[in-house]
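The values are calculated or read from the model by the stated rules, or taken from the named source; none is laboratory data. Because the structure is predicted, anything quoted here is derived from the model rather than measured. With ideal geometry, Cβ positions are generated from the backbone for all residues, glycine too; neighbour counts draw on all protein chains shown. Areas reflect the complete protein model, heavy atoms only, side chains present, ligands, DNA and RNA absent. Shrake-Rupley method; radii C 1.70, N 1.55, O 1.52, S 1.80 Å.
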Amino acid sequence: MPAMQGLAAPTMESELRALALAALLTPACAAYARFASRRLRPGLPRLAALSPTFPVFVYLPCMFCSLHLRLFSTFFHTWLATNKLVLLALDLGPLHPSLPLLPFLLSAGLPIKVRHDPSRQPASSNQPPPPPVAEFLRPCARSALLLCCLAAAYPYAAGWLPVYALHYLYCVQIFLTLDLVLSSAALGAAALLGGGAAMERQFSAPLAVASLGGFWGRQWNLMAVDLLRASAYEPVRARWGRDAGVVAAFLMSGILHELLYWYMTLRRPTGEMLLFFLSQAAFQIAERWARAAGLWRPPKPVAYLLVTAFMVVTISEMFFGPFVRAGTDVRLTEETRALVAMVWTAAKRLIRTSGVVSR
């Protein structure tokens, strides 16, 4: 696989400097957005007032050299924060000027969903109650442990595993990494907000896939799903129907992933991300039509096998392909192994130090 070109190697100093700057700019922009939205009515006046924050969030990922940090900055800032502020300008989405300052800042800058005002939740909502904060500890510990195991296994597995099996492990790694980071963000936010804050999970068994509609709508990256629903699906569905809303949501997701490709590779987008998500929209619509016509009702084990195989093949060919050709997978694996080695070294030093002290 080719080595990645064009992006400098990360150093501890460069990444800490970028993290510090992001930690200052993100709450500053969010505080300004709250200040402006409390004084301006929803619509064009509020959107115009919030628009100076958008270039800041678009630029933040460019400060990082680590691909992991660029990925998460793209997700946290360029995707979620910008989308939340656009929805705020229209008086939609999870942000509202009436939120207290700290919950507003955390909700704007992190992929969390905080419920402080039950009256804003529809009475007809059939969503399960948000889990207690303690339940985020389990996914954090599980994901950290399994990521360490994957990082240790990659050097031995990469040489003999079939491509699709290796790419399935990439899917598992993406889920574990996102779950670890998002659960950690929820834990940190809950600690800052105290016991009155209820956090919602961002995943619901995404590795057990029996339906395309279930995976994209109810299992995978639920914060992004909520924002895509509010910003693309609902407005288009209200005018042109359900299928057009599905296409609009996947179209927006495809454009955002093309932007992610540029951030991660510094190469011109190829359109393959867009093609992947539009194909997922088409197959999801076809699946629903076939189910309604009684043509697609396999037993659950068969559905799990077929849909998982379909997802792995399409992700491998259309989603991972551009990143693999750019060498992104190699660099991400190297970064993961370096991080695991650093954590392992620190843990051994801590154990040795505690042993010396106990003597």
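Report yes if some residue within segment 270-278 is in a helix (DSSP H, G or I) and of a type in the set (S, T, N, Q); otherwise report no.
First, pick out the residues of segment 270-278 that are in a helix (DSSP H, G or I): 272-278.
Going one step further and asking which of them are of a type in the set (S, T, N, Q), we end up with none.
Among the residues of segment 270-278, not one is in a helix (DSSP H, G or I) and of a type in the set (S, T, N, Q), which makes the answer no.
Among all residue pairs at least 6 apart or on different chains, which show Cβ distances below 7 Å where the first residue, located in segment 43-62, is in contact (Cβ under 8 Å) with a residue 40 or more places away in the chain and the second is of a type outside the set (A, V, I, L, M) and crowded, with 16+ Cβ neighbours inside 10 Å?
Final answer for the pair search is Arg46/Ser37; Pro61/Arg70; Pro61/Ser73; Pro61/Thr74; Pro61/His77; Pro61/Thr78; Pro61/Tyr263.
Quick test for you: out of Val313, Val343, Val356, pick the one residue that is among the hydrophobic types (A, V, I, L, M, F, W, C) and modelled with pLDDT of 85 or more. Quick ask: steps written out before the conclusion?
Working: Val343 fails: modelled with pLDDT of 85 or more; Val356 fails: modelled with pLDDT of 85 or more.
On inspection, the qualifying residue turns out to be Val313.
What's the number of the condition Pro10 fails, among (1) open to solvent by 60 Å² or more (accessible area, probe 1.4 Å); (2) assigned to a loop (DSSP other than H, G, I, E, B); (3) not aromatic (Phe, Trp, Tyr)?
All conditions are met except number (1).
Quick check on my filter: what residues within segment 57-68 are surrounded by fewer than 21 Cβ atoms within 10 Å (Cβ to Cβ) and touching a helix residue (DSSP H, G or I) at 6+ places or on another chain (Cβ under 6 Å)? Explain how you work it out, then say what you get.
Applying the first criterion (surrounded by fewer than 21 Cβ atoms within 10 Å (Cβ to Cβ)) to segment 57-68 yields 58-59, 62-63, 65, 68.
Val58, Met63, Cys65, His68 - these are the residues of segment 57-68 that are surrounded by fewer than 21 Cβ atoms within 10 Å (Cβ to Cβ) and touching a helix residue (DSSP H, G or I) at 6+ places or on another chain (Cβ under 6 Å).
Look through Phe310, Phe320, Phe283, Phe277 and report the one residue that is open to solvent by 70 Å² or more (accessible area, probe 1.4 Å) and among the aromatic types (Phe, Trp, Tyr). Don't jump to the end; show me each part of the working.
Working: Phe310 fails: open to solvent by 70 Å² or more (accessible area, probe 1.4 Å); Phe320 fails: open to solvent by 70 Å² or more (accessible area, probe 1.4 Å); Phe277 fails: open to solvent by 70 Å² or more (accessible area, probe 1.4 Å).
One residue alone meets the criteria, Phe283.
Listed residues Val209, Val302; which is crowded, with 17+ Cβ neighbours inside 10 Å and either farther than 27 Å from Ala89 by Cβ or not aromatic (Phe, Trp, Tyr) (or both)?
Working: Val302 fails: crowded, with 17+ Cβ neighbours inside 10 Å.
None of the others qualify; the one that does is Val209.
Can you tell me which condition Thr333 does not meet? The list is (1) open to solvent by 30 Å² or more (accessible area, probe 1.4 Å); (2) closer than 21 Å to Leu147 by Cβ; (3) touching a Phe, Trp or Tyr at 6+ places or on another chain (Cβ under 9 Å); (4) not aromatic (Phe, Trp, Tyr), and all the others hold.
Looking at each condition in turn, Thr333 falls short on (1).
Of everything in segment 160-176 that's out of contact with any Leu (no Cβ under 8 Å at 6 or more places or on another chain) and not in a helix (DSSP H, G or I), which residue is least open to solvent (accessible area, probe 1.4 Å)?
Among them, the one singled out is Pro162.
Give me the pairs: first residue in segment 177-196 and open to solvent by less than 10 Å² (accessible area, probe 1.4 Å), second residue of a type in the set (Gly, Ala, Ser), beta-carbon distance under 9 Å, and six or more apart or on different chains, which are they?
Going by the 9 Å Cβ cut-off, the qualifying pairs are Ser183/Ser143; Ala189/Ser107; Ala189/Ala197; Ala190/Ala197; Ala190/Ala198.
Here is a check on your reading of the model: is Leu21 aliphatic (A, V, I, L, M) and loosely packed, with under 14 Cβ neighbours inside 10 Å? Walk me through how you get there before you give the answer.
Values: aliphatic (A, V, I, L, M): yes; loosely packed, with under 14 Cβ neighbours inside 10 Å: yes.
So Leu21 passes the test.
On the given criteria, is Arg239 farther than 25 Å from Ala210 by Cα, open to solvent by 70 Å² or more (accessible area, probe 1.4 Å) and either without any contact (Cβ under 8 Å) to a residue 60 or more places away in the chain or in contact with a strand residue (DSSP E or B) (Cβ under 8 Å, 6 or more places away or on another chain) (or both)? Let's see the steps before the verdict.
Numbers: farther than 25 Å from Ala210 by Cα: yes; open to solvent by 70 Å² or more (accessible area, probe 1.4 Å): yes; either without any contact (Cβ under 8 Å) to a residue 60 or more places away in the chain or in contact with a strand residue (DSSP E or B) (Cβ under 8 Å, 6 or more places away or on another chain) (or both): yes.
Here the answer is yes, as Arg239 does meet what is asked.
Could you list, in sequence order, all residues of segment 13-62 that are farther than 21 Å from Leu256 by Cα and part of a loop (DSSP other than H, G, I, E, B)?
If the condition is that a residue be farther than 21 Å from Leu256 by Cα and part of a loop (DSSP other than H, G, I, E, B), then Arg38, Arg39, Leu40, Arg41, Pro42, Gly43 are the ones that fit.
Could you tell me whether any residue of segment 323-345 is over 23 Å from Pro206 (Cα atoms), in a helix (DSSP H, G or I) and of a type in the set (Ser, Thr, Tyr)?
yes
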